[in-house]
Amino acid sequence: MRKMAGLAVMIGAALAAGCKSDNDTVATKPAAQPTNVIFFLGDGMGLNTLTAARIYGVGEEGDLTIDTLPETAFIKTFSHDAQVTDSAPSMAAYMTGVKSNNGVISMDGDATYESDCSKSAGKPVTTLLELAKADGRGTGVVTSTRVTHATPAATYAHICNRDLEADIAVQLVPGGKGYNSALKEGLDVVLGGGSSFFLPKADKGKREDGRNLISEMQAKGYQFASNLDELNKADAGKPLLGLFGSSHMKYDLDRPASEPSLAQMTLAAIKQLKGKEKGYFLMVEGGRIDHALHDTNAKRALQDTIAFDNAIKAAIDEVKKSDPELKNTLIVVTADHDHTLVLNGYAKRTGKTTADNPGILGLVKNYETGEPSKDSEGMPYTIIGFGNGYNRVDGPRSSVAPLDDATVSANDYHQEVVVKVGEIGNETHGGTDVFLGAIGKGADSFHGSLDNTAVFGKIKAAAKL
C-alpha cells in the first residue's frame, strides 16, 4: 500500500508539472510582433534623375537618405508587351509579381488595353495590399498624384485601362457598386489628389453617374480631409480619406502652406496604421517627379525627388521610435521606370543648387578652365538635357540668343532635347534599369539584378503574406 501511495504521489507531481494553466502558457510565450511594409515608389526616378537630385540637393559628395539604404539592387522594368514600360504595368509587377501590358492595371498578360474593358480578356491578379488586407493588417496609399492614377491604383484596383479613373475610384468605396471586395471593409488611409473623380459633375467633378464617392465613404465611417489642418486633426482610430485638390497635388516647388507635403502625408498615414495589431502595408508614391520629367522641367523634377527623399527619412525616423532596429519593418524604395534625362559634357563640379548657385541646373562649364563649354556652333549648353521632348531649336542653335545660367535655372525652364516629339508633356519614359534600396526586416534578400516581378515575391516572403 505504501508503494502504491508513493507511486500515486509521483504521478500526481509529474502531471502537475506538465499541465500548466493557459495563463501560464501565455505568460511564457513571446508575444507575436506586428510586421510592417512601407513601399516607396519614385515615379520616373531613373538613375540619372537620382544622381542629378543628389547634386541639386546636397552636392556631389553628399548623400540623400536613399543613398544610405544598406541593401541595393538594379531592377529591370520592361512590361509584358513593351521594352519601355508605362507606370501601370511596372507598378503592377511590383504589387502582383505578374507582367501586364502597357496601360493595364494589376491584371494578367492576357488583359489588353481597351477603351471598353468588356472587350479585354485577362483576369485580375492579387496585390500585396490585398494580401495584407486578407491577413487582417492595416493598409494605406499615399501619393502626390491623383489617388486614382496608375501607380496608386495598381495597389487596390484591377482594370484594363489606366485612364478609366472614374471606374478606378469606385473600387475604393466599401459596399458600393464596383467595389473591390478583396479590400474587405476598405483601406485604412488614402491620401493624395484627385477629388474630381470622386464628385459628380453637378459638384464640379467629372463623374457622369451622379455619385458622390466622398459622401459615400463618409457614410461608411471615413473621415475626410481636404487640407493640411484637417489632416492634422484626423483621428487615428477611424479610416481616413484625404483629397488635396481636384487633380494632382502641386509640385513641391509650388506647394502652398495649406497643402501637405509628401512627408507630412506619410507621417499621417503611419499615425493611422501603427496601432494595427498585425502590422500594416503602406505604399507611398512621389508621383510628380514623372510629370516634371515629361515636361523636361528638370528643376521641378529634382525638387520633387528631394521631397520624396524627405518622406523616406521621415518614415524611417518615425518607425524607429517603436521599432528601433527595424526588426519588424521592411522599407523598400525604388522607381517604376526611367526617363530620358542625361548629364552632358565634362562639367566642373557645381555643388548643391542655392539661390546664388544654379548648380546642376546651370550651363556646362569646363572643369579645367571654368569657362562655358560650347557645341559645334559655338553655343553654350546645359548640364541637364533630355533625349526627347518639345524644346528643340528649329534650325541652328546659333540662330537664337545664347543660354545663360539665369535662364536655364529658372523655375519654368524646359531643358533642350535631341529629338522633338511634340508639345510640352510628350517626353517619353526610358527603358534603363532603375535603382532599389531596402532596409529592415528581410532587406538582405534584395541584391544583384532583379526583374520587377521578383520584388513582389521578396516582399511577400519577408512580410509573411
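The values are calculated or read from the model by the stated rules, or taken from the named source; none is laboratory data. This structure is a prediction, so every number in the text was calculated from the model and none was measured. Every residue, glycine among them, receives a Cβ derived from its backbone with ideal geometry; neighbour counts consider all protein chains shown. The accessibility values were calculated without ligands, DNA or RNA, using every heavy atom of the protein model including side chains. Shrake-Rupley method; radii C 1.70, N 1.55, O 1.52, S 1.80 Å.
Of all residues in the stretch 287-301, those that are open to solvent by 10 Å² or more (accessible area, probe 1.4 Å) have Cβ atoms under 6 Å from Cβ atoms of residues that are assigned to a helix (DSSP H, G or I), 6 or more apart or on another chain, in Arg288/Asp304; Lys299/Leu361; Arg300/Leu253; Arg300/Ala292. Given Ala438, Ala355, Ala347, Ala443, which one is under 23 Å from the mean Cα position of the chain (by Cα) and under 22 Å from Gly62 (Cα atoms)? Within the list Ala438, Ala355, Ala347, Ala443, the selection yields Ala438. A Cβ distance below 7 Å, combined with a sequence gap of six or more or placement on separate chains, defines the contacts here; from the stretch 148-174, residues that are at positive phi reach no residue that is open to solvent by less than 10 Å² (accessible area, probe 1.4 Å) and among the hydroxyl-bearing types (Ser, Thr, Tyr).
Filter the stretch 158-179 down to the residues that are crowded, with 23+ Cβ neighbours inside 10 Å and within 26 Å of Gly275 (Cβ to Cβ), then identify the one that is farthest from the chain's Cα centre (by Cα). Ranking the candidates gives Val173 first.
Entry remark, the stretch 365-397: residues being open to solvent by 50 Å² or more (accessible area, probe 1.4 Å) and either more than 26 Å from Leu293 (Cα to Cα) or touching a residue at least 60 places away in the same chain (Cβ under 8 Å) (or both) number 7 in total. For the stretch 218-245: of the residues being open to solvent by less than 70 Å² (accessible area, probe 1.4 Å) and among the polar types (S, T, N, Q), which is farthest from the chain's Cα centre (by Cα)? Only one residue fits best here, namely Gln223. Take the stretch 309-329 and flag every residue that is touching a helix residue (DSSP H, G or I) at 6+ places or on another chain (Cβ under 6 Å) and either surrounded by fewer than 24 Cβ atoms within 10 Å (Cβ to Cβ) or aromatic (Phe, Trp, Tyr) (or both). Residues satisfying the conditions are Asn310, Lys313, Ala314, Glu318.
Figure legend. Inter-residue proximity from the stretch 34-55: first residues charged (D, E, K, R), second residues part of a strand (DSSP E or B), beta-carbon distance below 9 Å, spacing 6+ or different chains. Indicated pairs: Asp43/Thr143; Asp43/Ser144; Asp43/Thr145; Asp43/Glu285; Asp43/Gly286; Asp43/Ala335. Taken across the stretch 342-353, residues that are part of a helix (DSSP H, G or I), in contact (Cβ under 8 Å) with a residue 60 or more places away in the chain, under 26 Å from Thr143 (Cβ atoms) and of a type outside the set (Gly, Ala, Ser) do not occur at all.
Quick one: which of Gly457, Gly437 is part of a strand (DSSP E or B) and not basic (Lys, Arg)? Working first, answer last.
Numbers: Gly457 fails: part of a strand (DSSP E or B).
Only one candidate passes the filter, namely Gly437.
If I filter the stretch 448-465 for residues that are open to solvent by 60 Å² or more (accessible area, probe 1.4 Å) and of a type in the set (A, V, I, L, M), do I get at least one hit? Yes: one or more hits. Tell me which residues, restricted to the stretch 25-47, are among the β-branched types (Val, Ile, Thr) and either open to solvent by 70 Å² or more (accessible area, probe 1.4 Å) or at pLDDT below 95 (or both). Listed by number, the residues that qualify are Thr25, Val26, Thr28.
Quick one: would you say Ala111 is part of a loop (DSSP other than H, G, I, E, B), aliphatic (A, V, I, L, M) and open to solvent by less than 10 Å² (accessible area, probe 1.4 Å)? Yes, satisfied. Taking each residue of the stretch 244-263 that is over 15 Å from Gly286 (Cβ atoms) and looking for partners that are open to solvent by 30 Å² or more (accessible area, probe 1.4 Å) and not in a loop (DSSP other than H, G, I, E, B) with beta-carbon atoms closer than 7 Å, six or more apart or interchain, yields Ser247/Arg146.
Residue-wise test of (1) over 30 Å from Gln303 (Cβ atoms); (2) open to solvent by less than 20 Å² (accessible area, probe 1.4 Å).
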{"position": "Ile66", "(1), (2)": "no, yes"}
{"position": "Thr77", "(1), (2)": "no, yes"}
{"position": "Met91", "(1), (2)": "no, yes"}
{"position": "Lys123", "(1), (2)": "yes, no"}
{"position": "Thr126", "(1), (2)": "yes, no"}
{"position": "Ala132", "(1), (2)": "yes, yes"}
{"position": "Thr143", "(1), (2)": "no, yes"}
